[in-house]
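Accompanying notes for the structure given below.
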């Protein structure tokens, strides 16, 4: 019954930066609006796009401010900000970067991270076990969906996947997510059968 | 003194401006681009002191970008952009006015039509079919009055602009050798031609 467009948990804060959050949606909206304004303000004064790291620092700084003042409460959200770093002056291409912020106001960089829900800790262990360096897009998408499947009821309708690349970003089509989900479930079945027959 | 032209045609709008940047007896630059894109399908030709020209147009540009980002990619119509711009001019008028005179042109995909708006430093706003800013209006409005008609093509609209440029080259005291002409249609904003490459050297 609900219009899914209105409960997006993955939003753009700038042309090349994307933010996903976990926690109080109302608080997220306020913080995201502040961040969008800051990104445009940066573009106006510096005539350049803000780096992902700059935005993460800004969000963290804002979240911290609300922990050390009277009459306010901390933002009840943790965020994951993703994008690409700028190409270096030596001509190296930009690299994908992922930052996390929390209600305390800390920000840190991650190669893989999970926020929200009650199982964040165990899911992080799952990621640590299965993350490999230099995974390609398909493998990374698979890992993300595998982790999500641990906490959501199976189905692409319960998932949002945004893929951020150097030249742009796009949400994954529901049919594409379904295909990966199916493959994962099939392979899980096969390994279960293999285990049974070997016992 | 800057010159800005705008001509609406069937399916788009042409915005042109001279490329000079001068003050007092000094000519700072001959390749300035005074037609600033505000969104994917709109641009504004600005005239006035360089500080206000750049400051005001960039300010409006970033605010329009903020709106699109904050509203799930919804684009502001040309009419809305013009009224927003006028509001900012009016608010600043009794504080510290922006000394800019502009012609804002845009193409709206929702109505599949183009529009052109005339705004001046006193925060006037008027939808027009063609217009000029600067001393050029004394020479060229009459040419546009004569040449413009309903249902022009892009080439015909650019021809009107070039007719006006020719008149200025003949009769206007101040030499403005370089003009930049931009066209806005369903495919967005593109530069049709320029006298000097505005790219930073």
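We did not get these values from a lab; they are worked out from the coordinates using the rules stated. If you're wondering where the values come from, they're calculated on a predicted model, not measured in any experiment. Counting neighbours? That spans all protein chains shown, and the Cβs are built from the backbone with ideal geometry, glycine included.
A few points about this structure:
- From largest to smallest, the equivalent ellipsoid semi-axes obtained for the protein assembly as shown from the alpha-carbon gyration tensor read 51, 24, 19 Å.
- Placing pseudo-labels 7 Å out from each Cα toward the beta carbon at residue B:142 and residue A:7 gives an inter-label distance of 6.8 nm.
- Likely footprinting exposure, B:15, B:60, fewest C-beta neighbours within 10 Å first: B:60, B:15
- Per residue, the average separation of C-alpha pairs within less than 8 Å and at least 6 apart gives chain B a relative contact order of 32 percent.
- Listed by Cβ neighbour count within 10 Å, with the fewest neighbours leading, B:148, A:110 appear as A:110, B:148.
- Using alpha-carbon coordinates, inclination of helix A:120-130 to the longest axis of chain A, degrees: 60
- 10 Å Cβ neighbours from other chains, averaged over peptide B:56-67: 3
- Fraction of the pair-distance distribution of region B:82-157 above 17 Å, Cα-Cα pairs, percent: 54
- Cα pair distances in region B:112-156, grouped into 10 Å bins until the bin that holds the longest one, percent each: 22, 52, 24, 2
- Using alpha carbons only, the radius of gyration of region A:63-199 set against its Kirkwood radius gives Rg/Rh = 1.05.
- Order of B:118, B:84 under a 10 Å beta carbon neighbour criterion, fewest first: B:84, B:118
- Here the Gaussian network model covers chain B, with springs between Cα atoms less than 10 Å apart; of B:12, B:134, B:96, B:96 fluctuates the most.
- Counting all C-alpha pairs of region A:1-122, share separated by more than 21 Å (%): 41
- Helix-only [θ]222 nm of chain B, DSSP H runs n ≥ 4, -39500 (n - 2.57) each, per residue, nearest 500: -11000 deg cm²/dmol
- Angle of helix A:25-46 to the longest C-alpha principal axis of chain A, folded into 0 to 90 degrees and rounded to 10: 60°.
- Within the listed set A:96, A:87, A:74, the residue fluctuating most in the Gaussian network model of chain A (springs between alpha-carbon atoms under 10 angstrom) is A:87.
- The label-point distance for residue B:71 and residue B:99, in a model that sets each label 7 Å from Cα toward Cβ, rounds to 3.3 nm.
- Rounded tilt (10° steps) of A:137-151 against the dominant C-alpha axis of chain A: 80
- Extents of chain B, taken as max minus min of Cα coordinates on every principal axis and listed largest first, are 49, 41, 35 Å.
- Alpha-carbon spread of region B:1-95, three principal axes, descending order, Å: 48, 38, 21
- Computed over chain A: relative contact order in percent, which uses C-alpha pairs under 8 Å that are six or more apart: 17
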